[in-house]
């Protein structure tokens, strides 16, 4: 059974309304792709971009911005009086990611390859086995094919010369190297360049490295050019580059407004065909609700393709391995995509996901980071799920915009923790991104009220994940790495007044990740201390309340609001917990035996030295606030000593002027008898200062040893590290 097609009407003028009309071969490709009408951004941009005008285009994601600059570039090349010579550039297109650059290249290639004459079947029959028939690529076409310059492009200069390309597409760093290297300056001529396009400009200019490369490219290109800037959001950096690189630009802003019955029209930054929702759950229930959403959308809406966003590469890598082992998701096809993957594997993963013959009987799921959040055009995504809200709120609309593209309908869900994270809904509403509530899903995949306590199925899922993790120690390592990296990303959220680390229940978050034990993190250590202090304070408050029912009820209410969950590490012998990879396991056993031998032959002096190193390592790793606190305590001790000496000197002066050295010494001794208690304190302070002096001596001698040990460990990790992508499809 075929799943129902999700479509929505396009609100734009027809292609025939353009004046002057487009070239016939361009219209043939447009009609072949089924684009009957232009989108609003296309109808507003294409006529102006074809003329001699710079354009600044702001429109929601999925509104057809790519064709808005591809068609004008090709039309201007076609209508040019003199054809471009080999080595001359007509247009440069800069994109922030290699995936987006590759997609833009495919669109240009689709148009230009349509002009290549087809193979003649008569030539194939007449050709002998010794002389193979000429390929279509060898036949002369009116316009050369474009060239893609990214991290995955091999021999770009040879490709450029062989194709004779006039259109250059790539990422900022690679394009800057390609154009500004000595070889690029000699073979790539930019004097006749006509158009420069900056796609996803806000993302391009958010990185200092990208911005520097773009400024170098713009200085290298001729000033008499057309410059078009496209983005879904406008930032201060974008406004600044508009003033520097564009001449009297035309601003084209396509706003979407949603009007409900009895209400005024409201502007929104997401497509009107997008059902943008949120779900509130505890952190312990996030993975459980992720699984249930996947199941519910397949069963109820016959969804076939999903995109799930995580905040870090480590989280994608971990959940890619864990979710595929859950029995309820056995029929789902999983793919992972993140920035730590090599270029070739990223290309293969993306192609496999796009070309997968998915249906509601065999759904496809892409687990990814924000590397796939902008510009990448997935033609038939049904549902987007944001497991972690984006660190940059501007990325929210880009993530959700991977579905409901080009007029199709789609759904997006963001998982928010119960409590302060609920304020994120109002925060997005102010940014013109309205959300509607998605009900909590129960075990039957039906809408229900949020449970009063943690869902028992979440603990059952924890046991399932742990069972899978126990088969391979590498999964435990990846889980701990994903947990730590996600917490680090949480602390860097731009909406830090909403996403606060102190509001997270680390035990609950560890349950959703299925960890065997909590990682050794200073944040967790501090959280445990605060948690114990709070519980102790509540117990004391409860005891002080006595028999008063109101006081007891109030204390219980406050404790229930916290909803802290208990945690228990998995009982396991970590010395015997092995890796599935034989090489990694052999290396682990060798290191373990080496450590045991070293520990047995240690003398008392060596053990004291090890303890001293541990103390220094802790000081080297301590946070800025701890360092400041230790420094303040030291200054307080010194001030205390100085004040005591000052008082002794003033007493000596008051007892007698011009006292000789012997008389002064006797006066001081008398005063010391009266300050006996303070002398004890002074002795302690001196001892502490001596200890600090010893630490400073040890610091210089042992710091080099600690650094050398770290270097040795890094080298061992590089040697012992197994194939990171051995088990990827």
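So, residue 399, is that one modelled with pLDDT of 90 or more and more than 12 Å from residue 275 (Cα to Cα) or not? Judged against the criteria, residue 399 is a match.
Out of 309, 334, report the one residue that is touching a helix residue (DSSP H, G or I) at 6+ places or on another chain (Cβ under 8 Å) and free of Cβ contacts under 8 Å to residues at least 60 places away in the same chain.
On the way: 309 fails: free of Cβ contacts under 8 Å to residues at least 60 places away in the same chain.
It is 334.
Here residue 29 clears all of (1) part of a loop (DSSP other than H, G, I, E, B); (2) at pLDDT 90 or above except the condition numbered (1).
The residues listed here are 229, 246, 175; of these, the one that is within 23 Å of residue 60 (Cβ to Cβ), within 28 Å of the chain's Cα centre (by Cα) and either crowded, with 19+ Cβ neighbours inside 10 Å or touching a residue at least 24 places away in the same chain (Cβ under 8 Å) (or both) is 229.
Given the criterion in a loop (DSSP other than H, G, I, E, B), modelled with pLDDT under 90 and within 17 Å of the chain's Cα centre (by Cα), identify the matching residue among 393, 379, 389. Can you show your working first?
Values: 379 fails: within 17 Å of the chain's Cα centre (by Cα); 389 fails: modelled with pLDDT under 90.
Exactly one residue qualifies, and that residue is 393.
Of all residues in region 427-446, those satisfying the criterion of being free of Cβ contacts under 8 Å to residues at least 12 places away in the same chain and loosely packed, with under 11 Cβ neighbours inside 10 Å are 430, 444.
Within region 9-22, the set of residues being buried (at least 16 other Cβ atoms within 10 Å of the Cβ) and at pLDDT 90 or above comprises 15, 18, 22.
Taking region 255-280 as the search range and keeping residues that are part of a loop (DSSP other than H, G, I, E, B) and touching a strand residue (DSSP E or B) at 6+ places or on another chain (Cβ under 6 Å), which one is modelled with the lowest pLDDT? Here the residue is 265.
Just wondering, is there one or more residues in region 49-64 that are more than 26 Å from residue 210 (Cβ to Cβ) and surrounded by 14 or more Cβ atoms within 10 Å (Cβ to Cβ)? Looking through region 49-64, at least one residue is more than 26 Å from residue 210 (Cβ to Cβ) and surrounded by 14 or more Cβ atoms within 10 Å (Cβ to Cβ). For residue 515, the conditions (1) assigned by TED's automatic domain parsing to the domain that holds residue 398; (2) closer than 19 Å to residue 285 by Cβ; (3) crowded, with 17+ Cβ neighbours inside 10 Å all hold with the exception of (1).
Every residue, every condition in (1) assigned to a helix (DSSP H, G or I); (2) modelled with pLDDT of 90 or more, yes or no:
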| position | (1), (2) |
| --- | --- |
| 77 | yes, yes |
| 83 | no, yes |
| 86 | no, yes |
| 93 | no, yes |
| 99 | yes, no |
| 102 | yes, yes |
| 105 | yes, yes |
| 108 | yes, yes |
| 118 | no, no |
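Taking region 351-370 as the region of interest, how many residues are crowded, with 22+ Cβ neighbours inside 10 Å, touching a helix residue (DSSP H, G or I) at 6+ places or on another chain (Cβ under 9 Å) and within 29 Å of residue 492 (Cβ to Cβ)? Here the count works out to 5.
The values are calculated or read from the model by the stated rules, or taken from the named source; none is laboratory data. Computed from a prediction, not measured in an experiment: that's the story for all the values here. When we count neighbours, we look across all protein chains shown, and the Cβ atoms used for this are built from the backbone with ideal geometry, even at glycine.
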